[in-house]
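Attaching a single structure in structure tokens format; questions to follow.
The values are calculated or read from the model by the stated rules, or taken from the named source; none is laboratory data. This structure is a prediction, so every number in the text was calculated from the model and none was measured. Here the Cβ positions follow ideal geometry from the backbone for every residue, glycine too, while neighbour counts run over all protein chains shown.
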Number of protein chains: 2
Amino acid sequence: MSFNIELIGFIAAILTTVAFIPQVYKVWQTKSVSGMSLTMYLIFFCGVLLWLVYGLIINSLPMIIGNAVTIVLTLIILYFLLRSKWSN
Amino acid sequence: MSFNIELIGFIAAILTTVAFIPQVYKVWQTKSVSGMSLTMYLIFFCGVLLWLVYGLIINSLPMIIGNAVTIVLTLIILYFLLRSKWSN
């Protein structure tokens with residue numbers, strides 16, 4: 001695949017991955033997940049996992065790296081969401 | 001691309017798209033965006049837009065459809081986030 005196409009993919013991957021950092025930071029700082037949907041992040045996690053599989057199959061490096069990092073960030077948010085649910 | 005690979009992509013696209021529906025519903029019902037990060041959704045929106053461009057270039061139907069729908073859902077969340085920011 002040409003360099004330019006992969007570059008667009010990489011910028012897309014960086015943006016959709018970096019996007020979760022302010023949310024992770026907000027949750028981490030406030031220890032609050034109020035207003036956030038557990039269902040959303042559970043479904044989203046499964047989806048990102050499958051995007052990673054898809055990226056591996058079609059051999060798209062931006063998709064592989066981007067989705068792998070997003071999985072880690074989503075797991076942090078899920079940890080706080082589940083902890084909040086269990087403590088209530 | 002083979003049917004099975006596209007199927008994985010389609011399930012991934014459905015999951016990461018559907019994931020936003022509970023969050024949109026929660027925001028719509030409560031008219032509250034408390035705890036949600038505007039920065040996250042602004043960066044995420046730009047990222048999804050680029051994934052759509054990437055999907056169009058590599059001709060991946062799951063990426064095109066999935067990202068197009070996610071853009072609409074993200075725009076709804078952004079509308080409420082920006083309205084909340086401006087009214088404060």
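Looking only at the stretch A:13-31, decide whether some residue is in contact with a Cys (Cβ under 8 Å, 6 or more places away or on another chain) and not basic (Lys, Arg). Can you show your working first?
Initial filter on the stretch A:13-31 (in contact with a Cys (Cβ under 8 Å, 6 or more places away or on another chain)): A:15.
Next, only the ones that are not basic (Lys, Arg) stay: A:15.
Checked the stretch A:13-31: at least one residue is in contact with a Cys (Cβ under 8 Å, 6 or more places away or on another chain) and not basic (Lys, Arg).
Have a look at B:63, B:36 and point out the one that is more than 8 Å from chain A (Cβ to nearest Cβ), touching a Phe, Trp or Tyr at 6+ places or on another chain (Cβ under 9 Å) and either surrounded by 23 or more Cβ atoms within 10 Å (Cβ to Cβ) or farther than 13 Å from residue A:17 by Cα (or both).
Numbers: B:36 fails: more than 8 Å from chain A (Cβ to nearest Cβ).
Result: B:63 is the single residue among B:63, B:36 that is more than 8 Å from chain A (Cβ to nearest Cβ), touching a Phe, Trp or Tyr at 6+ places or on another chain (Cβ under 9 Å) and either surrounded by 23 or more Cβ atoms within 10 Å (Cβ to Cβ) or farther than 13 Å from residue A:17 by Cα (or both).
Given A:17, A:70, which one is farther than 15 Å from residue B:66 by Cβ and of a type in the set (S, T, N, Q)?
Working: A:70 fails: farther than 15 Å from residue B:66 by Cβ.
That would be A:17, the only listed residue that is farther than 15 Å from residue B:66 by Cβ and of a type in the set (S, T, N, Q).
State whether the residues of the stretch A:6-15 include one that is out of contact with any Pro (no Cβ under 9 Å at 6 or more places or on another chain), modelled with pLDDT of 90 or more and at the interface with another protein chain (Cβ under 8 Å from one of its Cβ atoms).
Just the residues of the stretch A:6-15 that are out of contact with any Pro (no Cβ under 9 Å at 6 or more places or on another chain), to begin with: A:15.
Add one more test, that the residue is modelled with pLDDT of 90 or more, and what stays is A:15.
After this cut, where a residue has to be at the interface with another protein chain (Cβ under 8 Å from one of its Cβ atoms) as well, the list is A:15.
For the stretch A:6-15, residues out of contact with any Pro (no Cβ under 9 Å at 6 or more places or on another chain), modelled with pLDDT of 90 or more and at the interface with another protein chain (Cβ under 8 Å from one of its Cβ atoms): present.
Another question, then. Check whether at least one residue in the stretch B:67-83 is charged (D, E, K, R) and surrounded by 17 or more Cβ atoms within 10 Å (Cβ to Cβ), and report yes or no. Working first, answer last.
Step one: filter the stretch B:67-83 for residues charged (D, E, K, R), giving B:83.
Those left that are additionally surrounded by 17 or more Cβ atoms within 10 Å (Cβ to Cβ): none.
Within the stretch B:67-83, none of the residues are charged (D, E, K, R) and surrounded by 17 or more Cβ atoms within 10 Å (Cβ to Cβ).
While we're looking at this one, here's another question. Please indicate, with yes or no, whether at least one residue in the stretch B:18-34 is under 14 Å from residue A:12 (Cα atoms) and at pLDDT 90 or above.
First, the residues of the stretch B:18-34 that are under 14 Å from residue A:12 (Cα atoms): none.
Taking every residue of the stretch B:18-34 in turn, none turns out to be under 14 Å from residue A:12 (Cα atoms) and at pLDDT 90 or above.
Here's another thing I want to ask about it. So residue A:30 fits all but one of (1) without any contact (Cβ under 8 Å) to a residue 12 or more places away in the chain; (2) within 7 Å of another protein chain (Cβ to nearest Cβ); (3) β-branched (Val, Ile, Thr); what number is the exception?
Just one mismatch for residue A:30, condition (2).
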